[in-house]
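The values are calculated or read from the model by the stated rules, or taken from the named source; none is laboratory data. Small disclaimer: the values here were computed from a predicted structure and weren't measured. Positions of Cβ are backbone-derived with ideal geometry, glycine not excepted, and every protein chain shown enters the neighbour counts.
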Amino acid sequence: MSDIAGRGARDAGREGPGARDAGREGRGARDAGREARVGVAPSAPRTPDPAPRLLSVEGLNTVFDLRGGTAPAVIDVSFHVNAGETLCLVGESGSGKSVTALSILRLVQRPGRIASGSVLFNGRDLLTVSEREMQHVRGAEIALIFQEPMTALNPVFTIGDQIEETLIVHGEARGRAARERAIELLGAVSIPEPDRRVRDYPHQLSGGLRQRALIAMALACKPSVLIADEPTTALDVTIQAQILDLLRDLKKRFGLALLLITHDLGVVAEMADRVAVMYAGRIVEEAPVRELFQNPRHPYTQGLLASIPGGARGSRLAAIQGTVPPLGHLPPGCPFAPRCPRRFEPCDTAVPGVTVIEDRGARPEARKTESRTSDLGPRTSDLGHTTRCYLYSPAVEPEVLPEAPMKKSR
Ligand SMILES: Nc1ncnc2c1ncn2[C@@H]1O[C@H](COP(=O)(O)OP(=O)(O)O)[C@@H](O)[C@H]1O
Ligand code: SF4
Ligand SMILES: [Mg+2]
């Protein structure tokens, strides 16, 4: 485990200054909640955010229409990824990370559907563009790689053929130029002897080389965003480290924005610029990586960090009692309440809203944490450190309507 993860884990259990006032703040929860709903809560300050915003997910709700009714899998999720940065989306299995990734590229299959929200990319809302335009976006502008490369590689074609096909489909190259580019790409992802390996079938490659080949294919059309969904989970620890090094290197060389999805805080500590922690379909905490590890606020984040005491990369997130609620079985109030060691009076009453954490300076007397409450909606990602927990403010989530119909395609 890296230093930062270790420090984060050690500090995770410390009482945050905001926790001291928890009872008082919590008692006001219901009243303030009413205010948040009618939109009279003060608007939150914006922190400067100079980096160009490349991909912006705003108020995303994705649901599954099950026999028993409509169940939300992604609830009011907002975040953005800036050009050249890595945002890690972290949480236990079943939190809604993959459904979020699939929603961005409109790949959610029935009975799932995107109920509402927007995915802003290069001046367009990807949830409203035509399917034809989406086909261009997938691969050429935003590439997606999965945990298991075999599911994305076709076993009956060589990896060279598959990379060339991608280049041809997107009009990047054909014929000999496509073959040369395929070899170049395999070299760029450090596959040894790329001019020979280009003729290999997927089954002839090891798991690590297959993942490299998939990354080469993902990069073929020079996308500006790479979404990597648990890209190293199926690999052994040494190969994991190599693939992470590769992703870091490629990100720099190609100026990629990386949305890295993982359950592994060791990966987060090594890779992230910013981190969004997801639980039961919602982002429950978001912060720059150091801030999150050194000063985690949400009891879920604290639990995740505590679950890797001296833990090696790859250790599972197992220390929190209980499991993520299954789809369609969210408890009333805070979804983490049944597992939360710090649950108190207001937690079962309503879903906590987003609170902006502001830490005032390094001097002890100035280290008073202030939290502000607001109906932040899609702007949460602007605000540095945010969390959804009654320990820090009495905010109650504004109404979310996951059953709202998706905007029509043009
Ligand atoms: N095709 C599907 N049909 C029904 N439920 C699904 C489907 N895909 C995902 N889910 C549910 O949506 C929730 C979020 O899943 P997912 O995004 O895959 O979680 P994660 O990637 O964080 O492990 C889970 O409760 C999961 O069971
Ligand atoms: S709001 Fe949720 S996470 Fe925060 S103390 Fe209550 S139960 Fe725990
Ligand atoms: Mg997943």
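Where strands (runs of 3 or more DSSP E) fall entirely within the stretch 252-350, those with at least 2 residues that are under 20 Å from Tyr390 (Cα atoms), modelled with pLDDT of 95 or more and within 17 Å of the chain's Cα centre (by Cα) are at 274-279, 282-288.
The set of residues in the stretch 78-95 being under 21 Å from Pro296 (Cα atoms), within 11 Å of ligand 1 (Cβ to nearest atom) and among the small types (Gly, Ala, Ser) consists of Gly91, Ser93, Ser95. Against the condition in contact (Cβ under 8 Å) with a residue 40 or more places away in the chain, crowded, with 24+ Cβ neighbours inside 10 Å, away from ligand 1 (no atom under 16 Å from the Cβ) and under 26 Å from Pro296 (Cα atoms), how does Ala257 come out, does it pass? Against the criterion (in contact (Cβ under 8 Å) with a residue 40 or more places away in the chain, crowded, with 24+ Cβ neighbours inside 10 Å, away from ligand 1 (no atom under 16 Å from the Cβ) and under 26 Å from Pro296 (Cα atoms)), Ala257 qualifies. Counting only residues that are part of a helix (DSSP H, G or I) and within 20 Å of the chain's Cα centre (by Cα), the stretch 220-240 holds 1 of them. Right, Arg199: among the charged types (D, E, K, R) and part of a helix (DSSP H, G or I) or not? Here the answer is no, as Arg199 does not meet what is asked.
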